[in-house]
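Notes for the one structure printed next.
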Amino acid sequence: MRGRQCLKMLYLFHHKRELIPTLPKKQDAVLKKGFGFEKQVQKNLFPKGFNMRSLLGNAYSEYHPHTQRILAAEKQVTLFEAGIISQQVLVLVDVLRQNEDGTLDIFEIKNSFHLKSNFLWDAGLQYFVCKSYLGPKLNGFNLVLKGHNQPFKVIDITPQLEKRLAEVQQDLELLASVIKEDKEPDVAMGKHCSVPYSCGFIGYCKGLKTKK
Ligand code: SF4
């Protein structure tokens, strides 16, 4: 997602993450609201789910192997923040449900009434990685949004994501090549610094601009 918004953001995130300042209060409040909605969905739609983050915290290299171990040991299980790796890309999905017949369903939770285009960007990458690893076991990829007449609305977006697979593959090749570069790509500041997400490196890039 970062690379789709700005290649420089992606590079900085991988090589100079320490430049990201503490979140401003407003942004922090938006994130907390999002987490609150996620908790509601977990509690109501997946009451028996197990949260991998409570076990692994920030040990990201452990998410994929632990997820695999649990899926192999349990017949039917629901995991929050399950980790899947393919082509050296790790994705953590909000909810991974293993059904009795061994198939898997994924649910991404978004604190919004509407399906936005950036949700499809995020989900496109997650679907690509999950499908590459899980193959035909992957049954469906869904979004859980806020509902108007009910608390939640579940939308199956698998057909939209299937159509994006080739595009995501190309994106991944580009993003991987940018991360391997010796220096950050030269990208001018613009609208993309705050749309769809506010970039954590705005202070750094503004500083560079004033030095020029
Ligand atoms: S501030 Fe703008 S130009 Fe700089 S990394 Fe972020 S999105 Fe890219």
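Where a number appears in this text, it was derived from the coordinates with a stated rule and is not lab data. Fair warning: this is a prediction, and the values are worked out from it, not measured in the lab. Cβ sites come from the backbone with ideal geometry, for glycine too, and all protein chains shown count toward neighbours.
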Along the Cα-to-C-beta direction of Glu167, a point sits 7 Å from the Cα; which residues of segment 119-142 have their amide N less than 16 Å from that point?
119-129
Along segment 76-88, Karplus-curve 3J(HN,Hα) (6.51, -1.76, 1.60; θ = phi - 60°) to the nearest Hz, with x for Gly and Pro, reads 10, 7, 10, 10, 9, 6, 6, x, 10, 10, 8, 6, 6
Degrees separating the helix 202-211 axis from the principal Cα axis of the chain, which is the longest one
10 degrees
Pulled fully out, how much extra length does the chain show between Lys75 and Val187, if you take 0.36 nm times their separation in residues and subtract their Cα-Cα distance?
35.5 nm
Can you tell me the 0 to 90 degree angle between the C-alpha axis of helix 117-134 and the longest principal axis of the chain, rounded to 10?
60 degrees
Linear extension gain, Leu19 paired with Ala59, 0.36 nm per residue minus alpha-carbon span:
12.3 nm
For the chain, percent of DSSP beta bridges that are antiparallel (nearest 5) comes out at 70 percent
How far apart, in nanometres, would the label points at His66 and Ser194 be if each is projected 7 angstrom from Cα along the Cα-to-Cβ direction?
3.7 nm
Given a cut-off of 19 Å, name the pairs among Lys75/Lys146; Lys39/Lys146; Lys48/Lys131; Lys16/Lys131; Lys183/Lys209; Lys16/Lys110 whose C-alpha atoms lie farther apart than that in the structure shown.
Lys75/Lys146; Lys48/Lys131; Lys16/Lys131; Lys16/Lys110
Sort the following peptides by mean Cβ neighbour count (other Cβ atoms within 10 Å, averaged over residues), highest first: 179-185, 139-145.
139-145, 179-185
Residue-averaged [θ]222 nm for the chain, counting only DSSP H segments that reach four residues, each worth -39500 (n - 2.57):
-14500 deg cm²/dmol
Can you compute the modelled spin-label distance between Asn99 and Lys206, with each label point 7 Å from Cα toward Cβ, in nm?
5.0 nm
Two pseudo-spin positions, 7 Å from Cα along C-beta at Asn118 and at Ala176, lie apart in nanometres by 2.7 nm
